[in-house]
Amino acid sequence: MGSGYWSCDVYTAAARFRASTGASAFAYSDAGARRVHPKLDPLGVGRRECRDTDEHPLSTPIAVLFDVTGSMRRVPRVLQAKLPRLLGLLIDGRYATDPQILFGAIGDATCDRAPLQIGQFESDNRMDDDLARIVLEGGGGGQRTESYELAMYFMARHTALDAVTRRGRRGYLFIIGDEMPYRRVKPREVRSVIGDELSEPIGTEAVVAEVQRSFDTYYLLPADASYGGDLEILSRWRGLLGQNVVELDDLDSVCDAIALLVGLGEEAIDLDAGLGHLAGMGSGAGASVGRALAGVRPRR
């Protein structure tokens, strides 16, 4: 966990092998799995750790959690396809020092069989392996709410970040979705999904305040999702996160937006420089990302 280095060559070789054999990048889910993969199961997990090492002495924690219900099931496939550009900006563009990325998925704890899936913080191609293990359940409860608050509870209480404890530098948490959180974290769901015992429910506002002690937290809403542009959903998230609610014109710009938000937060770039980097890499998402991030002023 957190060791090694990302290799675009390794990623490309794996993609070519899958193409030659007809294998899916999401073989676990596409084979019919409906239970959380053991390596992504949050039940009984002590901490997901982002630690400094000799290889990576100044670790930067970056967590990307996405809704996999309904139309949002496309998100991990888009992320997996865009990983080289995300890592290229973070590492080659020097947007972040020693980035370690955790991927996870959010469902609905009231009805889904895989309501929360949480990988490890990784520096190398094992982050691609975690994406491949995610169950794309596509369920959800149909009330325009999913268990985002449960995911934030886990990130607040079940992560250990050297950046925070050693340097007073928060990590980054990106939640990609198109619905609202429930209004409270429920003890029954925490017990069954994570294994903690709570004596009483915790309001979502309190959980947000807690997770923000460790992570600059962003909510990304793609316009082409089921509830893209929904004013009630946007208002709820803005009440929780303020300016850190980002509307994207399309899902394909998610990785670019994440990379630039990290670069801005780390004061490695300004927005114009980041958009120039996107253009130089052949990304067509610059205009979309520029509009989305125009009003965001990351605070470190």
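Only the coordinates and a few stated rules stand behind these numbers; no lab work does. Keep in mind that what you see is a predicted model, and the values were worked out from it rather than measured. All Cβ positions, glycine included, derive from the backbone under ideal geometry; neighbour counts span all protein chains shown.
For region 50-90, list residues with backbone N below 13 Å from a point placed 7 Å from the Cα of Arg166 toward its Cβ?
The answer is 50-61.
If the chain between Ser235 and Tyr5 were fully stretched, how many nm would it gain, using 0.36 nm times the residue separation less the Cα-Cα distance?
Here the segment from Ser235 to Tyr5 would lengthen by 78.8 nm.
Using a 7 Å offset from the Cα along the Cα-to-Cβ direction at both Glu55 and Phe17, what is the distance between the two label points in nm, to one decimal?
Simple spin-label model gives 1.8 nm for this pair.
Excluding Gly4 itself, what net charge comes from residues whose Cβ is under 9 Å from its Cβ, given Lys and Arg +1 and Asp and Glu -1?
Residues near Gly4 contribute -2 overall.
How many times 2.2 N^0.38 Å is the alpha carbon radius of gyration of region 237-288?
Taking the Cα Rg and dividing by 2.2 N^0.38 Å, one obtains 1.18.
To the nearest µm²/s, what D does Stokes-Einstein give for region 8-293 at 20 °C and 1.002 mPa s, using the Kirkwood radius over alpha carbon pairs as Rh?
113 µm²/s
Restricting to DSSP loop positions (anything but H, G, I, E, B) with no more than 13 other Cβ atoms inside 10 Å of their own Cβ, which GluC sites (Glu not before Pro) remain in region 146-243?
Passing sites in region 146-243 are Glu197.
Per DSSP H run of n ≥ 4, the term is -39500 (n - 2.57); total these for the chain, divide by its residue number, and report the mean residue ellipticity at 222 nm rounded to 500 deg cm²/dmol.
Only helices count here, giving -10500 deg cm²/dmol.
What chymotrypsin sites (Phe, Trp or Tyr not before Pro) in region 1-52 are in a loop by DSSP, with at most 14 other Cβ atoms within 10 Å of the Cβ?
Tyr5
Give, as a single signed number, the net charge of other residues whose beta carbon lies under 12 Å from the beta carbon of Arg48, with Lys and Arg counted +1 and Asp and Glu -1.
Around Arg48, the surrounding residues sum to 0.
Name the residue from Ser192, Gln212, Gly119 whose Cα lies farthest towards the positive end of the charge dipole of the chain, charges +1 on Cβ of Lys and Arg and -1 on Cβ of Asp and Glu.
Value computed over the given set: Ser192.
Summing Lys, Arg as +1 and Asp, Glu as -1, what charge do residues with Cβ under 10 Å from the Cβ of Thr145 carry, Thr145 excluded?
Net charge around Thr145: -1.
Report, in debye and to the nearest 20, how large the dipole of the chain comes out about its Cα centre when Lys and Arg carry +1 and Asp and Glu carry -1 on their Cβ.
420 debye
Specify which residue in the list Leu261, Leu87, Ile106 is farthest towards the positive end of the charge dipole of the chain, using unit charges on the beta carbon of Lys, Arg (+1) and Asp, Glu (-1), about the Cα centre.
Ile106
DSSP beta bridges in region 8-293, what fraction antiparallel, as a percent rounded to 5?
Here the antiparallel bridges make up roughly 20 percent for region 8-293.
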